[in-house]
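The values are calculated or read from the model by the stated rules, or taken from the named source; none is laboratory data. All values derive from a computational prediction rather than experimental measurement. Every residue, glycine among them, receives a Cβ derived from its backbone with ideal geometry; neighbour counts consider all protein chains shown. In case anyone asks, the SASA skips ligands and DNA or RNA and just uses the protein heavy atoms, side chains included. Shrake-Rupley method; radii C 1.70, N 1.55, O 1.52, S 1.80 Å.
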Protein chains: 2
Amino acid sequence: MKVAVGSPGTWSGLLLRVGQCAFAGASIGVMLSAFGFSSYTAFCYLVASMALQILWSFGLLCLDLHALKFKRDLHNPLLVSLFVVGDWVTATLTLAAACSSAGVVVLFVRDVHFCKKYPQLSCGMYQISIAMAFITWLLVAKSSLVMFWILASG
Amino acid sequence: MKVAVGSPGTWSGLLLRVGQCAFAGASIGVMLSAFGFSSYTAFCYLVASMALQILWSFGLLCLDLHALKFKRDLHNPLLVSLFVVGDWVTATLTLAAACSSAGVVVLFVRDVHFCKKYPQLSCGMYQISIAMAFITWLLVAKSSLVMFWILASG
């Protein structure tokens, strides 16, 4: 199997995982510090989904570190299948969470003008948190495409 | 290249495309017949995204029919790459549209109780339309996974 950028057990793969954890963490942090987020299901789901993403990415980050330290090869078909399923599930959940929250924010800002009517709602914070969630999704999508490619071409 | 279920130029592939067109069309039909959908950006985006999905799936449906009629082989790396990109882009847009609309409907039903306050809003229709959009996404996801698999293992 050829080694692609971002494959498990490489520095680029490790960097992708660190990025996923960092952006997902930032997204949760910003959302938790925004006033009134807990009244909206979509924002709560975003926090839950980002937490799941952090758990998964952190697990693979540790595995990558272990593989780099002990020069282990993680290109084992069984392991890669597991990574593919996990990455696809978390990527889909992350995209779903980011999009549903984005739908709600667009509704608040453009359609019902809640943000103007209720200035105490932290619409700006919601938007920043959602932007972070989208960046997390891009990074997870990159990982999952690489994993799927390794599995299919292996 | 081995022939997978749902690959281009086969009966199963054709059936998948027909299903995509049918469910996307049904989703648009139900949404257009729901009162007041045009006041909400997310629902308009759902209609636009489903229309794009129909265009793409219908194009590939015609190509599949042509390949079946004249016994052409569509497993050409260049063609498959094009199908992969198109399928992934439309699948992502479809999921994004379905999730953002779902986020808005959950907000209406559970968080701000718009559906009870304004019974003239056709919340039931919105939900049916979004369910159809999710089924469309599942069918497109199946197509795109098969395409990507063919490309990667080819």
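Return the residues of segment B:34-52 for which accessible area with all protein chains present is lower than in the chain on its own by 50 Å² or more; set the probe to 1.4 Å and exclude ligands, DNA and RNA.
Checking the loss per residue gives B:T41.
Partner chain Cβ atoms within 10 Å, averaged over the residues of A:103-114 - can you pull that number for me?
5
Which value in Å does the Kirkwood hydrodynamic radius of chain A take, with 1/r averaged over all unlike C-alpha pairs and then inverted?
In chain A this quantity evaluates to 16.2 Å.
Measuring with a 1.4 Å probe in the full set of protein chains, what accessible area per residue, in whole Å², belongs to segment A:11-153?
Result: 45 Å² per residue.
Computed on protein heavy atoms with a 1.4 Å probe, what is the summed buried accessible area for the chain pair A and B, in Å² to the nearest 100?
Protein heavy atoms only, the A-B interface buries about 2100 Å².
Set the Förster distance to 41 Å, then compute FRET efficiency between B:S12 and A:R72 from the Cβ-Cβ distance, nearest 0.05.
Rounded to the nearest 0.05, the efficiency is 0.55.
Assume the label is 7 Å from Cα along Cα to beta carbon: what separations in nm does A:A131 have to the matching positions in the other copies?
Distances between equivalent label points, in nm: 3.8.
Determine the distance separating the Cα centre of segment B:41-113 from the Cα centre of segment A:92-109; give it in Å without decimals.
Here the answer is 19 Å between Cα centres.
Leaving out ligands, DNA and RNA, and with a 1.4 Å probe, what % of the accessible surface on segment A:11-153 is carbon or sulfur?
76 percent
State, to one decimal in nm and shortest first, how far the label point of A:F35 sits from each corresponding label point in the other identical copies (label point: 7 angstrom along Cα-to-Cβ).
Between copies, matching label points for A:F35 lie 3.6 nm apart.
Relative contact order of chain B, please, whole-number percent, based on alpha carbon pairs below 8 angstrom and at least 6 residues apart.
This gives 40 percent for chain B.
Which of the chymotrypsin sites (Phe, Trp or Tyr not before Pro) found in segment A:48-95 are in a DSSP loop and have at most 12 neighbouring Cβ atoms, other than their own, within 10 Å?
Here the chymotrypsin sites (Phe, Trp or Tyr not before Pro) that fit, given the DSSP loop and packing criteria, are A:F70.
For B:K69, A:K142, write out the residues from largest to smallest accessible area, computed with a 1.4 angstrom probe and no ligands counted.
Sorted descending by solvent-accessible area, the residues read B:K69, A:K142.
Counting only protein heavy atoms, probe 1.4 Å: which residues of segment A:59-101 lose 20 Å² or more of accessible surface in the full assembly compared with their chain by itself?
A:W88, A:T92, A:L95, A:A96, A:C99, A:S100
Tell me, for chain A, which Cys residues have no other cysteine's C-beta sitting closer than 4.7 Å.
So, A:C21, A:C44, A:C62.
Computed from the mean reciprocal separation of all distinct C-alpha pairs, what Kirkwood hydrodynamic radius does the protein assembly as shown have, in Å?
Evaluated on the protein assembly as shown, it is 20.7 Å.
Taking A:L78 in one copy and the same position in all the others, each labelled 7 Å out along Cα→Cβ, what are the pairwise distances from the first, in nm, shortest first?
Taking the point 7 Å beyond Cα along Cα→Cβ, the inter-copy spacings are 4.3 nm.
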